[in-house]
Each structure stands twice: as C-alpha cells, then as structure tokens.
DNA sequence: AACTCTCCAGAGAGCGCTCTCCGAATGAGT
DNA sequence: ACTCATTCGGAGAGCGCTCTCTGGAGAGTT
C-alpha cells in the first residue's frame with residue numbers, strides 16, 4: 001500500500017494503447033491483436049501491475065470471496081473439534097482452485113450474527129457456507145433472502161430449505177448399532193449428541209431405528225459432543241442401567257470420555273461393555289482400546305459443499321448431497 | 001446481490017440532504033446537526049442501507065481485512081494439529097473486535113505462495129499474519145517490502161526481521177528436561193521437531209542446553225510433528241540406545257506416537273521410560289498414562305500477534321513478544 | 001469502383017463512495 | 001448597523017476499473 005501502485009492507466013500509457021485494451025488483455029478477451037497484446041503484457045510485467053480489486057468489484061459486483069461462517073457458541077469455541085480444522089483446510093484449498101478466497105467468520109453470539117448479516121449485505125462476498133449450525137438458525141434464511149448463495153455443511157434444521165452436503169448420519173448410526181447387535185450385545189445404550197443439531201438428532205434416529213427393528217429397548221443419555229460430557233453421560237448410563245453391555249456414542253470425543261468413565265467404573269472394554277463412536281478422528285486410532293467407529297468422508301463433504309455454493313442453482317444437479325459412511329472396526333467393539 | 005441495494009444517493013434523496021451529509025453521518029463525523037443526523041439515520045433504517053464496501057475501499061484504500069496465511073506443505077494439511085484450530089478461532093474473534101475480517105489463505109505450494117503474493121499486492125488486505133512458517137520463507141519479506149504490515153506466529157527464521165509473537169520454546173524445553181533430571185533420569189533422549197521450523201530448532205536447543213549443564217550426553221531423533229513420525233523416531237531411539245530412561249518429545253502428537261511405540265516395545269511409562277511432551281493439547285490429558293507436557297499460551301500468543309499486526313510500527317512498544325511456558329506434570333514423567 | 005461487412009481499438013460513461021473546497025447562514029464583536 | 005469569525009451542508013472531483021458504443025481500417029461482394 002505504501003507507494004503508489006501502477007494503475008491500468010499507467011499500463012495503457014506505457015503500452016501506447018487505451019485503458020480499454022489493457023482491460024481486455026487483463027481479462028483475457030480474445031479480440032485483441034497478438035502484437036498489441038504482447039506489448040501490453042510487457043508493460044504490465046515491467047510496471048509490476050496488479051489490478052485493484054476494489055475498483056474491479058465495484059463495477060463487476062463480484063468479490064471472488066466466499067464466507068465460511070462457523071455458528072458455534074463461544075463455550076464450544078475452545079473445545080477442539082479436530083474435524084473443524086480439516087473442513088476449513090479443505091474448503092480453503094478447494095476454493096483456491098476456483099480463484100476464490102475464504103473469509104472466516106465466527107457467529108457464536110447474537111452480535112456476531114448481526115455482524116455477519118451486515119457484512120454479507122455489504123456485498124463483501126459471493127456466497128456463504130455454514131458450518132455447525134444449531135437449531136433454527138435464522139441467519140441462513142436471512143442471507144438467502146438477500147439473493148446470496150448459501151449452503152450448509154450438514155443438513156440444517158427442517159424449517160429452512162438450504163442446499164447442503166451431509167453424510168448419512170442415520171445410516172451410519174444404524175450401521176454401528178447393527179454391528180453391536182451382530183456381535184451379540186443385548187443392552188445397547190447410546191450417548192446422543194446435542195439435540196439442537198441435526199447431526200445429533202439423526203444419529204439418535206439411526207440408533208433408534210436399528211434398535212426398533214430388533215425389538216430392543218433404547219437407553220439414552222445426551223451429551224454435547226465434548227469429551228467431558230461423554231464422561232458424565234456414561235456415568236449416568238451406568239447408574240441407570242448397570243447391566244448394559246454396549247454403547248453407541250454419537251461422536252468420538254464423547255466416546256473417549258465414555259472410555260474413561262468406563263475404566264474408572266471398572267468395566268472392561270469391549271469385554272464388559274462394547275463401545276462404538278462416530279467420526280473416526282485421528283485420536284480414535286490410539287485410545288485404549290482403539291475405538292471402533294463410523295467414518296464419514298469429511299473431505300468429500302466439504303468439497304461437495306464448495307461445489308454447491310459455486311454452482312448457480314439452475315445448473316445444479318441436486319441441492320442435497322448425502323455421502324455414505326463406513327464402519328471402522330477396531331478393538332472397542 | 002440480486003435486487004438493487006440502496007445507495008448513498010438514495011438515502012440522501014430520501015432524507016433530503018446531500019450525499020456528503022449522509023457520508024458524514026455514516027462515518028460518525030461530529031459536525032452534523034442532530035436533527036439532520038436523525039433524519040438521515042431514519043432514512044438509512046427505512047431503506048435498509050448498507051454501505052458498499054468495494055466503493056468505500058476504492059477511495060479509502062483500506063479493506064478492513066487481514067490475511068491469515070498458513071504456510072503448511074500439503075502433506076501436513078491433513079495431519080490435524082489441534083492447536084491450529086484454536087489459533088484460527090482466537091485470531092478471528094480477536095480481529096472481529098476491531099471490525100476486521102480474517103481471510104484464510106493456504107500457502108503450501110509454490111503456486112499458492114505466488115497467489116498469496118498477488119492477492120496482497122492487489123490491495124485486498126491491510127495486513128498479513130503468518131502461521132507455521134518453514135525455513136527461510138521468502139513470502140513474508142516480499143510482502144513486507146510492499147509496505148503491508150506483516151507478523152508471524154512464532155519466531156521466523158533469522159534471515160527475515162519480522163515482528164512476531166512466540167512462546168519460550170527454549171525455556172520450555174529446558175524446563176521439561178530439568179524435570180526429567182530432577183526425577184533422577186540419567187539417559188534422556190529427545191524426539192526433535194522438524195529442523196526447518198524455528199519451533200523445532202528451539203525446543204532442541206532447550207533440550208541441549210539443559211543437558212549440557214548437567215553433563216549428560218544427548219540422544220536425538222528427528223520427527224516432523226506428526227504422530228506417526230513420533231512412532232518411528234521412538235523406535236529408532238530404542239534401537240540406538242536401549243538403555244534410555246527418559247525422552248523429551250518436541251510436541252504432544254509425536255509424544256502420543258512415542259507412547260505407542262514404547263508400549264509395543266514392552267517398556268512401561270513412566271517406570272522404564274519417562275516421557276514429556278510439548279503443547280498440552282487436549283488429548284494429552286487422556287493418553288495412557290496421561291502425558292506430562294509443557295503448556296504454552298496459545299490464545300495469548302494469537303492475541304499478541306493480532307495486536308502487533310493492528311498496531312502501526314511506530315506505536316508498538318515491542319516487535320517481539322515472547323510468552324512464558326508452564327510444565328504440566330501428569331503421570332508420564 | 002462503390003458498397004457492405006467484419007474486426008478491433010478508443011472514447012467515455014458510470015460503479016458507490018469519500019473528502020476537499022465553497023458558500024450560506026448564524027452569531028459575536030465594534 | 002456592519003464586519004468578521006465560525007459552523008455546517010452542498011457541489012463536485014476523483015478512486016481504478018469494466019463495458020457499451022462508436023468509428024476506422026481492411027476484407028469481401030457485386
């Protein structure tokens with residue numbers, strides 16, 4: 001910013017052409033005489049010209065940047081969901097492929113939500129991606145109404161009809177429970193995720209579905225996807241039903257907590273109680289015992305989301321991408 | 001973007017004043033008659049006016065956004081450093097306090113680096129923060145030369161003189177080794193981090209310093225901060241010196257790997273081999289046994305970095321912030 | 001040879017905003 | 001009553017770019 005950067009005008013002067021011509025060259029229009037094009041290119045090179053993006057987006061009404069909005073309440077900000085980082089990185093590198101930038105926005109508080117809304121209204125971004133929405137978040141709807149493309153990572157609450165990329169939470173949970181059934185477990189409990197998140201709801205649904213098919217009773221405790229909540233929930237479960245011989249935990253972080261609680265309670269895993277998690281975070285591979293869990297395709301899901309936000313609605317094949325999950329059997333079940 | 005958003009002009013017309021006056025009100029200048037101000041405010045409200053940022057930054061040459069550049073080679077992108085996410089979140093919320101946005105950029109490849117350079121040259125950002133730099137990254141220097149404020153999370157390689165916020169890696173490592181010495185260990189090895197990163201270098205230096213003071217021999221293996229590299233390094237160490245009774249590992253991820261390798265080799269921790277890690281990631285609390293490690297203030301460090309990039313050089317008290325570390329003693333040593 | 005058609009570069013009008021003058025109106029001073 | 005500050009809103013010139021429209025030159029047609 002310090003010293004003046006060359007403008008289109010300067011390049012035009014140096015190449016002895018008009019601004020319009022330089023603009024054409026810069027934007028790769030075909031209708032330019034090769035000789036003139038070369039001259040312009042040389043001038044650009046010599047001057048070290050880089051187009052000013054503000055000026056450009058003022059007229060094109062395009063910003064080449066997409067917001068990634070993380071609707072995470074402040075309390076959870078510091079409990080590290082390891083997948084979060086993977087999503088960010090995938091989205092970022094995927095977007096770079098299309099020459100777009102990622103603008104990261106936290107929307108954990110009311111104030112922050114208003115900020116995001118104003119920001120988008122201010123025309124700063126060409127699209128918005130939501131990650132980790134809770135309940136009936138009004139923000140996506142508000143933004144969609146402004147005519148800005150919106151997508152969600154994970155299926156949003158039913159009220160809003162947004163395009164989204166999700167994994168098959170219901171199917172994955174059912175898969176986990178069926179595995180537990182297959183290895184002969186009879187009293188299968190679950191530690192569910194927060195019920196204001198669709199992921200939490202769906203995994204509970206999958207658990208219930210699988211159990212209903214086999215006529216078993218469901219035993220449910222609810223956590224909030226953090227490890228400590230897993231510890232607490234497991235303890236409650238053990239109090240409620242000391243006879244349980246298996247537990248399906250709605251995410252690995254809580255499963256790790258459950259493993260700890262189980263150990264403290266003197267239960268052996270998987271001998272006394274089998275445990276299946278969900279997510280297949282890296283840590284799942286080196287818990288004691290290594291965690292059997294449901295893996296879902298984070299990278300593919302993030303990629304699908306990016307594709308959705310970049311594709312105009314009329315060109316989309318589908319608005320709802322659902323990716324399959326896979327059971328990873330280790331030692332805990 | 002879809003339908004026309006109201007402009008300054010429209011607000012001016014509605015409030016029966018000139019554009020200039022509206023601009024004054026929007027930017028909070030004092031020299032506006034309260035009555036007129038109210039009228040303008042009402043018009044803004046009624047029209048739902050939000051200033052167009054492109055137009056504004058075209059004339060002010062300010063963008064209110066700061067780039068967060070992650071110079072991580074693609075190979076490491078998918079090995080989740082849990083702290084990475086914490087840094088991102090802290091930076092983001094800290095920046096929001098000053099009304100700035102975070103633009104996340106990956107700079108793992110040559111091509112990506114060039115992209116970042118062009119982007120910054122294009123005047124998109126008011127400042128750049130670097131995270132996780134390797135070796136003598138030319139990018140920060142190039143950007144600093146353009147007159148854009150640059151800071152680094154962690155001390156950069158000596159060649160470039162950038163403002164930075166770092167933790168006391170040398171001191172922390174020394175602290176860890178001294179603890180090992182205190183509990184009576186005699187053959188203390190280390191698994192060092194990548195030597196093209198200052199953090200890796202400094203922690204090795206701290207290890208060597210502490211050992212030299214006590215006249216012990218150093219035993220070094222080098223990893224790359226990933227868990228698997230910790231496994232490999234630990235195995236090598238065990239081959240090189242089967243008698244070792246302690247190991248200081250340059251980060252927790254590798255320490256977790258080392259713990260696994262040790263278990264596989266039939267060594268008990270801490271009885272046979274004491275292990276100390278570095279970082280105090282959440283997982284360190286629930287390894288088996290829980291990991292003794294060096295905690296450093298990630299949030300404070302990120303906050304300090306943000307403060308540096310936002311403060312003009314002439315107003316800065318210091319260009320180099322170094323935060324103290326703390327040894328967290330658990331069961332592994 | 002006169003005409004039309006195509007191709008391609010230049011002219012110039014904005015995009016929405018900020019900010020520096022300017023000038024009108026008000027109040028104080030003589 | 002008249003002059004001189006002083007306050008505060010308006011006019012208008014850009015900021016750097018895109019893009020439509022225009023017009024000149026050369027090629028093709030009759």
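Derivation of every value follows stated rules applied to the coordinates shown; laboratory data play no part. The structure presented is a predicted model; accordingly, all values stated were derived computationally and were not measured. FYI the Cβ positions are ideal-geometry reconstructions off the backbone, even for glycines, and counts take in every protein chain you see.
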Per residue of A:50-63, how many C-beta atoms from partner chains lie within 10 Å of its own C-beta, taken as a mean?
6
The simple spin-label model distance between residue A:323 and residue A:240, using points 7 Å out along Cα→Cβ, in nm, is 3.2 nm
Teacher prompt: residue B:38 distances to equivalent labels in other copies, 7 Å Cα→Cβ, nm
7.0
Inter-probe distance in nm under a simple model that places probes 7 Å from Cα toward Cβ, at residue B:217 and residue B:145:
4.8 nm
Can you give me the three principal axis dimensions of the range B:95-155 from its C-alpha atoms, in Å, biggest first?
32, 26, 20
Take B:31, A:311 and order them by how many other Cβ atoms sit within 10 Å, fewest up front.
B:31, A:311
Expressed as an acute angle from 0 to 90° and rounded to the nearest 10, what is the orientation of the C-alpha long axis of helix B:298-310 relative to the principal long axis of chain B?
40 degrees
With contacts defined as alpha carbon pairs under 8 Å and 6 or more residues apart, what's the relative contact order of the range B:123-229 in percent?
24 percent
Using only the alpha-carbon atoms, how far is helix A:110-121 inclined from the longest principal axis of chain A? Give it as 0 to 90 degrees, nearest 10.
40 degrees
Out of all Cα-Cα pairs in the protein assembly as shown, roughly what percent, to the nearest whole number, are more than 47 Å apart?
24 percent
P(r) tail for the range A:6-127, what percent of Cα pairs lie past 25 Å?
46 percent
Copy-to-copy spacing for residue B:222, label 7 Å out on the Cα-to-C-beta vector, in nm, shortest first?
5.3
Which distance in Å, rounded to a whole number, links the C-alpha centroids of the range A:237-283 and the range B:46-71?
49 Å
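Which of A:187, A:227 comes first, and how do the rest follow, when ranked by fewest Cβ neighbours within 10 Å?
So the ranking, lowest neighbour count to highest, is A:187, A:227.
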Which value results for Rg/Rh of the range A:8-60 when Rg is the Cα radius of gyration and Rh the Kirkwood radius based on the inverse mean 1/r?
0.95
Helix B:252-264: inclination vs chain B longest Cα principal axis, degrees, rounded to 10, gives 30 degrees
When the Kirkwood hydrodynamic radius is evaluated over all pairs of different C-alpha atoms of chain B, what value in angstrom, to one decimal, is obtained?
22.5 Å
For chain B, what relative contact order do you get, as a whole percent, if you take Cα pairs closer than 8 Å and at least 6 residues apart?
15 percent
Taking a point 7 Å out from Cα toward Cβ as the label site, list the nm distances between residue A:318 and the same residue in every other copy, smallest first.
5.7
State, to one decimal in nm, how far the label point of residue A:13 lies from the label point of residue B:19, with both points 7 Å from Cα in the Cβ direction.
2.5 nm
Taking neighbour Cβ counts within 10 Å as the exposure measure, how do A:100, A:307 sort from fewest upward?
A:307, A:100
Shape call for the range B:169-297 from the C-alpha gyration tensor, a ≥ b ≥ c root eigenvalues: rounded (a/c under 1.5), prolate (a/b greater than b/c) or oblate?
rounded
